[in-house]
1. So which residues in segment 18-42 are farther than 14 Å from Val190 by Cα, of a type in the set (Val, Ile, Thr) and assigned to a helix (DSSP H, G or I)?
2. So if I check each of Asp205, Asp189, which one is over 28 Å from Ala308 (Cβ atoms) and either modelled with pLDDT of 95 or more or in a strand (DSSP E or B) (or both)?
3. Yes or no: segment 318-327 includes at least one residue that is among the small types (Gly, Ala, Ser), touching a residue at least 60 places away in the same chain (Cβ under 8 Å) and part of a strand (DSSP E or B).
4. Any chance segment 4-17 includes a residue that's in a helix (DSSP H, G or I), in contact with a Leu (Cβ under 9 Å, 6 or more places away or on another chain) and either buried (at least 21 other Cβ atoms within 10 Å of the Cβ) or of a type in the set (A, V, I, L, M, F, W, C) (or both)?
5. Restricting to segment 165-186, give me the number of residues that are part of a strand (DSSP E or B), of a type in the set (Phe, Trp, Tyr) and within 24 Å of Gly88 (Cβ to Cβ).
6. Let me confirm something: among Arg701, Arg754, Arg750, which residue is within 35 Å of the chain's Cα centre (by Cα) and either touching a residue at least 60 places away in the same chain (Cβ under 8 Å) or crowded, with 22+ Cβ neighbours inside 10 Å (or both)?
7. Within segment 245-258, is even one residue farther than 24 Å from Val356 by Cβ, basic (Lys, Arg) and part of a helix (DSSP H, G or I)?
Amino acid sequence: MQEYKQTIEFANGNEMASMAIKQIGYDLMGYYPITPSTQIAENLDLMKAEGKTDLIMIAAEGEHSAAGICYGAAVAGGRVINATSANGLLYALEQFPVQSGTRYPMVMNVACRTVSGPLSIKGDHSDIMYMLNAGWPILFAHSPQQVYDFNLVALKLAETVRLPVVVAYDGFFTSHQKRRCMRFQHDEDVRHFIGEKNEPYPFFDMEHPITVGSYMNEPDLINNRYQLHLAMEEVKNVLPNIFREYGILCGRSYEWSEGYCHEDAKILLVLLGSSFDTATVAVDRLRKQGKKVGVLTLNVLRPFPEEALAKMLQLASHILIADRQDSYGGIGGNLSMEIRAVMQKYGCAGKVKNLVYGLGGKDFYVEDAIAMFELAEQENAINSYYYGVERGDSKQAVSEQERFFAPLLAEQTRISATVVKEEPTEKEQISENSQITRAVDLQGNKQVIGGQINQTTAMPKRLAPGHGACPGCGIPVNVNMLLRAIEEPVVLLFQTGCGMIVTTPYPKTSFKVPYVHNLFQNGAATLSGLAEICYRKQEKGEIPQGDIVFIMVSGDGGMDIGMGSALSTAMRGHRLLLFEYDNGGYMNTGYQYSYSTPKGAVSATSHVGKCQYGKQQFHKDMPQLMAATGIPYVATVAESNPVDFIKKAAKAADYAKKEGCAYVKAISACPLNWNDTPDKERQVIEAAVNCCYFPLYEVERGITILSYNPQKNGKKIPVLDWLSMMGRTKHLVKDEYKMVVESLQEEVDRRFQRLLAKSESPYL
């Protein structure tokens, strides 16, 4: 067998994964952006825009659906790829045994990252260990070169044993750090190595139809699991041959486990992932001092390479196993527990210690490896403990927290907007200082009296100025505008996103009111549980009575992955307010397109090239989806129309505390990713309203009321005038994209005409 031609790349792990995926010629990628794996989809979308791949790329609304897309495509006989990290992996977890249990091959790259909470986007191994029992072979790469090589090996393995395979590597270390790598020069050579795909049971053979995923009882289920066990055992026979064949082609040979100076080592350090390369430098230093030390790592996590490891561990007298993950309540991380089991099974006599290190992406230096070698041979060293922990003083932490600002009490906010339900001809102010009163008209709808900007400037901000948002960011503007109109105490829940990240960097917080965070997909459900317990405690007299407005703040695509939770919360009728700042993309992960991104817009997953013009679909109409649930109040607001914003916020808060769920959506500027300037954002927002891309209206008790009609005011502008103000859509002014602009204009006009029709009829 002859070696194939190769070329040099200076690239990181994600880039090498993308190159491998492109060269393999996959049919479909189902994915959802999550740091640090997102670069893979971004790179592939750029290749697709440039016509370098015909890969079908489907951006799901969340990782669970992405896994479902991949499963369906695999059942259909396609070659399928996915990439994810951390909580995204966990969100999709229930899908993975489905794929292995029905024996459909695919490959998934996992850029390993900390599982929250608290939220951290840095790298450790707490996510990949959840895959140990999913029935997927797991290859673990410690370098960008291995990421490329293992992606090729993984697909050949997957299709040989008919199991889905994971290629795992360290997030931000291996995924983002560039190294000198080699790849095959010609795609044809890669495809020749992998071979043709064989489908023993073609799904679309209409003359021989099959059923996939039958319902099973005993003894069939245990037989199915036994077959899965046998398939994993087959990996033990097949993988060495694939490694050997691949090594002949590229000159890079791989084994189950990999060691450095381990053959005669008396002290062995066992590490997983990128730490292995750092530890080899420590080995060189200590060897010069005459110390017989060595380091081991695993290239394969499943099936666990017990025989290979046992041989490498036999001669060592002291062994330290370092886990970048903990199995809480166990005797260390999963790696250490499994290696201990191997040593007991094969009679390895070395003294074993284990520790947990590097969680949350904590850097691992050569000095750390040297310290671990020293711990390995210390007779009195503690067995099974955390390395690199810095214990804080809890009393001091509380004291520091109190220095930031005092809590904002209810009496301090009774100076701005209020909502009171009264008879049609009456109105009343809650406090002497209130500047806005609320009444109810003859139809039972709420009306706001007052609400001028100068009347609300005295409202203390619940969100303090001390946050890390980008200059011109619309999130703090919109959140503070919303809260200006609410005199009652508020409880805030932020879903994951820029708004959460820039306001709560531990140990500081920007909030003067009770605040909680939960992940993208579950914010509304979390807030509903929180609110219901509050109401229960008030009924029992366990906490003081009084109005509290529960508010969820979502954006950065949170109403894509979190849409199901939000819609269900609305339909259950919980008394709370769902507030969406719509900045038109997944901004907190580097701006990938979301379902609310304008058609034609450039993003990291909707590039412009000879084969692509930006995002392919129209923006999602979330207010109409929420209105369809039948909740009492839905509204859209914009900072360019502040009085309208404040009045709607006051109404929404009143509905939320008295009657049921309310939803308010604001268009929110993002200068960094809209590619415009902070000082122009108010004009950009106003143009979005005036071109009717973002119409201002409310749906109160099922009745649509148009708040602002730019046609009547003579301010209606073409959609292209708005698009031309942002770098992300400026390319659409070119004649070659005329059809895209025309289709967007037609859709915007259609939606606005529907709103006009609804506003003129109580039945629409």
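The values are calculated or read from the model by the stated rules, or taken from the named source; none is laboratory data. Predicted, not measured: the structure shown is a model, and the values here were computed from it. When we count neighbours, we look across all protein chains shown, and the Cβ atoms used for this are built from the backbone with ideal geometry, even at glycine.
1. Result: Thr38, Ile40.
2. Asp189
3. yes
4. no
5. Final tally of qualifying residues: 1.
6. When all the criteria are applied, what remains is Arg701.
7. no
The rows are residues; the columns are (1) surrounded by fewer than 24 Cβ atoms within 10 Å (Cβ to Cβ); (2) of a type in the set (A, V, I, L, M); (3) closer than 23 Å to Ile21 by Cα.
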position	(1), (2), (3)
Leu89	no, yes, yes
Leu93	yes, yes, yes
Met106	no, yes, yes
Asn109	no, no, yes
Gly117	yes, no, no
Leu139	no, yes, yes
